[in-house]
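Novice: Let me give you the structure first, and then I'll get to my questions.
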Ligand SMILES: NC(=O)C1=CN([C@@H]2O[C@H](COP(=O)(O)OP(=O)(O)OC[C@H]3O[C@@H](n4cnc5c(N)ncnc54)[C@H](O)[C@@H]3O)[C@@H](O)[C@H]2O)[C@@H](O)CC1
Ligand SMILES: [K+]
């Protein structure tokens, strides 16, 4: 599913209006009605719609007219009087006023009229700077109301392109995205402000326009279960373990981490897991794993289709540099292995790095807070810097490639906030690559399944009780949940 930026949405709007001859006010009427329909699902008695000066405000005025027609008590709180609105927004307000919708102009510090539900139609994709004055005051009043807020297109104050929030922003429980989901509602922190996101059809044929434009590769996307279902390697009756590939996992000081990575790989279907150890294993391993111990250390990689290096490697990561340099297949670098990224040829395009925000910060020379405030930019910069596909972990993990592709993962919750889950994820990516999945696709599929397995484990065991090995156990259920 496409996630659109401001410019991409404007191009789609313009094409629909000028090349497909659908008037802007018709799109706005569809938008406003769709918002009203969503608002009325909860049968509110009184609805207050906060409207800005642009087209997002226009959507609000139309929603007000429809809610009024549906029998709700409605009032519009506007930052500018209707006569100061332009173009379609002016028409929208005119129709609402003519229908008898009451309105008032808001000044900073004014009290917000009481409502069962508020609609945030202050700013949409036009948002281009932090909130000030009446908008800032209104956003604060909305948030302080304690009542549910439905945002139109994007919560006011959230950057539509990045999800960044610099200053105040409206905290909606539900966001009605018009025609396509805005990228900023998918990425943290913006996704926390958006709440539940629903996309409504307003008459802009997004998918076909994007495909016809030949620019679909430029668009960010949400990873969906149908996408993962398509990507999952097919299991053939006429096959053997070699068909599904051999994955090598480097074993360091914390051996359990490598075992968790191996188990993640095995559960996504890798044919054989080979652990490259330097000491006898002190932790139990599944009997299916091949454990090779070289007490003098590894100087060349084990024969394998893909390699995972990093989970549990510990302080001695440097000892693995030569092995990494000599390995020609796709590699996953995680945790302590991330410091070895410089050993890999930047032009390989077959390396996946899976940093958490703190590791990403270290690699970029940023603070962790900076990474979390600018997650998309951080992931993009790291991908360019390293030449690797970056999986930036955290709520709504990002998958970003050096050539600019972006996928946002919607699965996963606090069940994953426990030691070892990152090791499982690194193994899952490696396990997919061992089955010859392209590294970018492997990262997308693994991150989605990992999140889904976490959610399912949490549902059954509670999020507090879920451990990394439980995530391993639930991978098969996550796969089953998307299999037909
Ligand atoms: N024909 C179209 O283009 C359609 C647009 N639609 C709606 O239109 C929205 C975009 O409308 P606009 O481009 O008019 O933009 P907005 O309504 O989001 O913003 C209006 C103007 O506010 C200003 N602004 C931005 N940030 C500000 C800030 N922090 N403080 C004060 N002013 C600020 C900008 O100059 C911007 O142009 C979409 O999000 C969607 O809701 C829909 O009605 C569907 C059709
Ligand atoms: K809005």
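Novice: Tell me, what does the Kirkwood hydrodynamic radius of region 187-279 come to in angstroms if you use every pair of distinct C-alpha atoms? Write out the running numbers ahead of the final one.
Specialist: Details: mean 1/r = 0.0559 Å⁻¹.
One decimal place: 17.9 Å for the Kirkwood radius.
Novice: Under a crude label model (7 Å from the Cα following the beta-carbon direction), how far is residue 196 from residue 477 in nanometres?
Specialist: For the pair residue 196/residue 477, the computed spacing is 2.3 nm.
Novice: Ranking 369, 470 by Cβ neighbours within 10 Å, fewest first, what do you get?
Specialist: Ranking 369, 470 by Cβ neighbours within 10 Å, fewest first, gives 369, 470.
Novice: Normalise the Debye intensity by I(0) for region 1-59, one equal point scatterer per Cα, no solvent, then take log10 at q = 0.13 Å⁻¹ and round to two decimals.
Specialist: Result of the Debye calculation: -0.45.
Novice: Turning to a different aspect of this structure: Could you give me D for region 20-214, from Stokes-Einstein at 25 °C and 0.890 mPa s, where the hydrodynamic radius is the Kirkwood radius over C-alpha pairs? Units µm² s⁻¹, please.
Specialist: 151
Novice: Over region 225-482, calculate the relative contact order: mean separation of alpha carbon pairs under 8 Å at least 6 apart, over the residue count, as a percent. Write out the running numbers ahead of the final one.
Specialist: Working: 578 pairs, mean separation 54.5, N = 258.
Result for region 225-482 is 21 percent.
Novice: What does the highest-first list of 287-299, 403-415, 16-28 look like by mean Cβ count within 10 Å? Provide the component values of the computation, followed by the final result.
Specialist: Details: 287-299: 12.1, 403-415: 19.6, 16-28: 15.7.
Highest to lowest by the protection proxy: 403-415, 16-28, 287-299.
Novice: How long is the gain from residue 15 to residue 280 if the chain were fully straight, where each residue apart is worth 0.36 nm and the alpha carbon distance is subtracted?
Specialist: Here the segment from residue 15 to residue 280 would lengthen by 88.9 nm.
Novice: Return one number: the angle in degrees, 0 to 90 and rounded to the nearest 10, between the long axis of the Cα atoms of helix 133-144 and the longest principal axis of the Cα atoms of the chain.
Specialist: Helix 133-144 sits roughly 70 degrees off the main axis of the chain.
Novice: What share of Cα pairs, in percent, lie more than 24 angstrom apart in region 341-447?
Specialist: 15
Novice: Over the chain, what is the relative contact order in whole percent, taking alpha-carbon pairs under 8 Å and six or more residues apart?
Specialist: Reported as a whole number, the value is 12 percent.
Novice: Separate question: Quick check for you: which residues of region 136-154 have the amide N under 16 Å from the point 7 Å beyond the Cα of residue 84 toward its beta carbon?
Specialist: The answer is 136-138.
Novice: Helix 468-482 versus the longest principal axis of the chain: what is the Cα-based angle in degrees, 0 to 90, to the nearest 10?
Specialist: The helix 468-482 is inclined about 60 degrees to the chain.
Novice: Quick check on region 172-235: take the gyration tensor over C-alpha atoms, sort the square-rooted eigenvalues as a ≥ b ≥ c, and tell me if it's rounded (a/c under 1.5), prolate or oblate. Mind showing how you got there, number by number?
Specialist: Numbers: a/c = 2.02, a/b = 1.24, b/c = 1.64.
Oblate is the answer for region 172-235, as a/c is 1.5 or above yet b/c matches or exceeds a/b.
Novice: Please work out whether region 248-338 counts as rounded, prolate or oblate from its C-alpha gyration tensor, where a ≥ b ≥ c are the square roots of the eigenvalues and a/c under 1.5 means rounded, while otherwise a/b larger than b/c means prolate and anything else oblate?
Specialist: rounded
Novice: Also, quick follow-up: Tell me, rounded to the nearest percent, the portion of alpha carbon pairs in the chain spaced more than 40 Å apart.
Specialist: On the way: 35059 of 116886 pairs.
Above the 40 Å cut-off, the chain has 30 percent of its Cα pairs.
Novice: Order these by the 10 Å Cβ neighbour count, fewest first: 29, 7.
Specialist: 7, 29
Novice: Same structure again: Between residue 436 and residue 348, take the C-beta separation as r, use R0 = 25 Å, and let me know the FRET efficiency to the nearest 0.05.
Specialist: Efficiency computed from Cβ-Cβ geometry: 0.95.
Novice: Another question, if that's okay. Among rounded, prolate and oblate, which fits region 96-155 when a ≥ b ≥ c are the square roots of the eigenvalues of its C-alpha gyration tensor, a/c under 1.5 means rounded, and a/b larger than b/c means prolate?
Specialist: Verdict is rounded for region 96-155.
Novice: Based on other C-beta atoms within 10 Å, arrange 173, 2, 193 from fewest to most.
Specialist: Numbers: 173 13, 2 18, 193 25.
The most exposed by this proxy come first: 173, 2, 193.
Novice: Still on this model: Please work out how much length the chain gains when fully extended from residue 129 to residue 114, using 0.36 nm per residue of separation minus the C-alpha to C-alpha distance, in nm with one decimal.
Specialist: Gain on extension, residue 129 to residue 114, equals 2.6 nm.
Novice: While we're looking at this one, here's another question. Order of 158-170, 418-430 by packing, highest average Cβ count within 10 Å first?
Specialist: With the highest mean Cβ count within 10 Å placed first, the list reads 418-430, 158-170.
Novice: Moving to a separate point now. Would you please put 210-217, 269-276, 140-147 in order of how densely packed they are, using the mean number of other Cβ atoms within 10 angstrom per residue and starting with the highest?
Specialist: Top to bottom by mean Cβ count within 10 Å: 269-276, 140-147, 210-217.
Novice: Hey, another quick one. Using the Kirkwood radius over C-alpha pairs as Rh, can you work out the diffusion coefficient of region 225-482 via Stokes-Einstein at 25 °C, viscosity 0.890 mPa s, in µm² per second?
Specialist: For the chosen part, D equals 138 µm²/s.
Novice: Here is a further query. Where does the chain land at 222 nm, in deg cm²/dmol rounded to the nearest 500, when only DSSP H runs of n ≥ 4 count, each adding -39500 (n - 2.57), divided by all residues?
Specialist: -12000 deg cm²/dmol, from helical runs alone.
Novice: Taking the 0 to 90 degree range and rounding to the nearest ten, how far is the long axis of helix 375-386 tilted relative to the main principal axis of the chain, both from C-alpha atoms?
Specialist: Long axis of 375-386 versus the principal axis of the chain: about 40 degrees.
Bear in mind these aren't lab numbers, they're just calculated from the coordinates by the rules spelled out. This one's a predicted model, so the numbers in the text were calculated from it and none came from an experiment. With ideal geometry, Cβ positions are generated from the backbone for all residues, glycine too; neighbour counts draw on all protein chains shown.
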